[in-house]
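Laboratory data are not the source of any read-out in this text; all were calculated from the coordinates shown. Treat the numbers as computed from the prediction; the structure is a model and nothing was measured. Glycine gets a Cβ as well: all are built from the backbone with ideal geometry, and neighbour counts include every protein chain shown.
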Amino acid sequence: MECITLEKKVMSTNDWGLIALLHEGLMERFEESSQAIEEKNNDKLSILINNSRDILTELLVTFREKDELSTNLRSLYLYTNKLITEAQIKKDPTFFRKAIDVINPIYIGFKGLELKEEPNIVSGLTYGKGILEEHNIKSGKIFQG
């Protein structure tokens, strides 16, 4: 069920929303990593940290320009990577809390930007009870089969 909800979010948001989703996923991995440390599950911790680094890499690539915003975000992402590395080495979940404290304001900012813009157009056909129906998220444009 969670995948369907995530898929719907990805399909119906704008670019800012996609960036917010990456930050949300990152914070979820940090919470799960804290739990893995508490459970002393090093295999799970390793997988979660690798996934967190994949998300951080995606964010670093997304903000690769030389403008002030991108430079500042990259600095925060690199600092976050340092925190999760220390958490993994020292097996200390408090570093994940610090990482969440760094990422959460960025997430809130991108979430706010998401709400200020129209979502991407998502349209297609849906199946009703025995009939094919048109589906449209953004008015004015429909897919007609």
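Points worth noting:
- Counting beta carbons within 10 Å around each of Arg64, Arg29, Arg97 and listing the fewest first gives the order Arg64, Arg97, Arg29.
- Approximate shape of segment 1-103 as ellipsoid semi-axes (Cα gyration tensor, √5λ), whole Å, largest first: 24, 19, 10
- Student exercise, segment 2-119 dipole from Lys, Arg, Asp, Glu Cβ charges, in Debye to nearest 20: 400
- Among the listed pairs Lys8/Lys111; Lys44/Lys91; Lys9/Lys91; Lys8/Lys66; Lys9/Lys116, those beyond 24 Å (Cα-Cα): Lys9/Lys91; Lys8/Lys66
- Fewest-first sequence of Ser34, Ser52, Ser46 by Cβ atoms within 10 Å of each Cβ: Ser46, Ser34, Ser52
- Neighbour-limited loop hits for GluC sites (Glu not before Pro), segment 58-111 (at most 16 other Cβ within 10 Å; DSSP other than H, G, I, E, B): Glu65
- Partners of Lys98 within straight-line reach, counting aspartates and glutamates whose Cα lies under 20 Å from its Cα and excluding those fewer than 8 residues away in the same chain: Glu24, Glu28, Glu31, Glu32, Glu38, Glu39, Asp54, Glu86.
- For Glu118, Glu32, the sequence from fewest to most other C-beta atoms within 10 Å is Glu118, Glu32.
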